[in-house]
Structure formats: C-alpha cells, structure tokens
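Structure first, commentary second.
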Amino acid sequence: MAEESRKTSKSIPPYMKALSGSLGGVVEACCLQPIDVIKTRLQLDRTGSYKGIIHCGSTIAKTEGVRAMWKGLTPFATHLTLKYALRMGSNAVLQSGFKDLETGKISHHGRMLSGFGAGVLEALVIVTPFEVVKIRLQQQKGLSHELLKYKGPIHCARTIIREEGLLGLWAGASPTVMRNGTNQAAMFTAKNAFDGVLWNKHEGDGKALLPWQSMISGFLAGTVGPVCTGPFDVVKTRLMAQSRSSSGEMKYKGMFHAIKTIHAEEGIRALWRGLLPRLMRIPPGQAIMWTVADQITGFYERKYISSAPLS
C-alpha cells in the first residue's frame, strides 16, 4: 500500500506540461485558423451578409483570396503557443496545491478550481491582448493591403495603443475571463474523466494513450465549454472589435451592457452566433492539442516516472 502511494504521488512537472501544450498549440493553429476566421466574421455580421459557414468561407475566398482564410495566423499561432504553455503549466502548479499529501490524488473540486484559475490567468496575461489584435485583423475586408487600416499584428497593436491607449489591448477582458475560466474548469475535469472512464488512464501510471485515444478524449472534453460560454464569446468579440468613433463614443459600455444590447437589438439567438464554427474549431482543436501533448507527457512518464526506482 505504501509502495502504491509513493508511486501515485509522482507527477509530470509543470514545465513538461507547458512544453507539451505549446507544441500542441502550434499544430492546432495551423490546422484550424480558417474556421476561426469564419467564426469571427459570423459573430461580427449584423446585416446577414453571410448565409452560413460554407457561404461565409466561400465568400471570403472569392472576394479576398484563399490566403484571407489565414488572416491573423501570426498572432493566433503565437497566442495559442503561449496560452497553452501558460494554461498547462499553471494548471499543473495549481493542482499540486490541491493534491492530497499522502496519496497524491486530487479531488474533482480541486481539479475544477485549478482549471478555472488557469483559465483566468491565461485570459488576462495572453488571450485578451492577442485576440484583440487577431479580431481587428480578421474583421478587415478587402484585397488591397494599402487600403487596410491595420497592416499587420505589430502595426495593429501600435495603432490600438496610439488611438485607444494601452488598455485598448484589453478590451473585452471581463467576458474573456469568464469564458476561459469556465472553459478550462470544464475541459481539464472532463479530459481527466474521459481518460479514466474510456481508457483507464491516470497520471503517473506510466500508461501512454494511443493518438486516436487522445483525440477522442480531447474532442469530447472540448464540446461542453462552447455551448455554456457562447454569450461570453460573442460579447468578447464585439467588445474587442469595436473602436472609438470620432465622437469618442463606444456602442458597448461593458460585458453586461453588451449582453443587454445584443439581446434587445438582435434577439437571444444572437448571443450564440458563431456557435457551430466554434464547435467545428474547439473540439477538433482540443483533439489535436491533446494528441500532441499526451504523446510528449506519455514519453516522459514512461522514461522518467514509471521506470524510476521507488525510494
């Protein structure tokens, strides 16, 4: 019993979790950027210009070129890499604080709080400023580079800071915190549950999931959050996309004002605009990320944990 307790107390260090997440983020960004562009355009469409996902994608490709489907890739890939590194690493650190000192196990309550804390941290440090830049780039329409307001991610960030101040890069921070905190609380809890129920996999047991097993667990874990956090995501996008008018007025004054305004002007369904492309992007994205991350952490477990002699 004591031997089993010592074995289960071993865990993958936070830096390995951070590395695995960052590499998974690079692969995810390159594969799924077009869906993210479509999601953003649908969420910003107030006049019904796009009839659906396929019509939106084909319209962008026809009027702006296929390369427009990867608009904002640089900030998106960079932000995903940093976000997953911070998310996975901070979640591992927070979980270590909730673990039972004798068994090394963590409760579902502790796992959810760790995930929520990691989501809040990534939202404030990484996600908000990078998504503001990404969304401003994605909302631009047209083929002529010279006519675009923002010429690239660096120019976009500088323009926002010059016109709106440094805090302009943190527009929409409140709904982003709520969205990411809730998402990560659900995702980490669900991923661990699916790994255990479907594959009898537990951290530190030395068992490596096959890529297809990681994809299934990651996909299922990534489906719950988008449905629950749809309004936060729509509001986040609207707040990040708006810039001050010539009179200095902003249409949306904050998270709750934006929710009320969108509901009053466009109906309650507008708060879940872009949900389908989110479901097309987030679950597959989590499947890709966890496939890469699990292979890296699985290798570490086999080499340095399960094969290490017990003291």
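Rule-based calculations on the coordinates, nothing more; no lab input. Just so we're clear, the structure is a prediction, and the values are computed from it rather than from any experiment. All Cβ positions, even for glycine, are placed from backbone atoms using ideal geometry, and neighbour counts span all protein chains on display.
Numbers at a glance
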item: Computed lengthening from S49 to R67, 0.36 nm per intervening residue step minus Cα-Cα distance; result: 4.4 nm
item: L147/S96 FRET efficiency (R0 45 Å; Cβ-Cβ; nearest 0.05); result: 0.30
item: Cβ charges +1 (Lys, Arg) and -1 (Asp, Glu), total dipole of region 157-311, debye; result: 320 debye
item: Gain on full stretching of the segment that runs from L276 to S107 - 0.36 nm per residue minus C-alpha separation; result: 57.6 nm
item: Sequence-separation-based contact order of region 166-311, relative, with Cα cut under 8 Å and 6+ spacing, percent; result: 36 percent
item: Virtual spin-label span in nm between I268 and R158, 7 Å along Cα→Cβ; result: 4.7 nm
item: Calculated FRET value between S58 and K207, using beta carbons and R₀ = 30 Å, to 0.05; result: 0.10
item: Pairwise label distance in nanometres, T223 with E249, each label 7 Å out on the Cα-Cβ vector; result: 4.5 nm
item: Within the chain: Cβ-based charge dipole about Cα centre, in debye rounded to nearest 20 (Lys, Arg +1; Asp, Glu -1); result: 740 debye
item: Compactness relative to 2.2 N^0.38 Å, alpha carbon Rg of the chain; result: 1.06
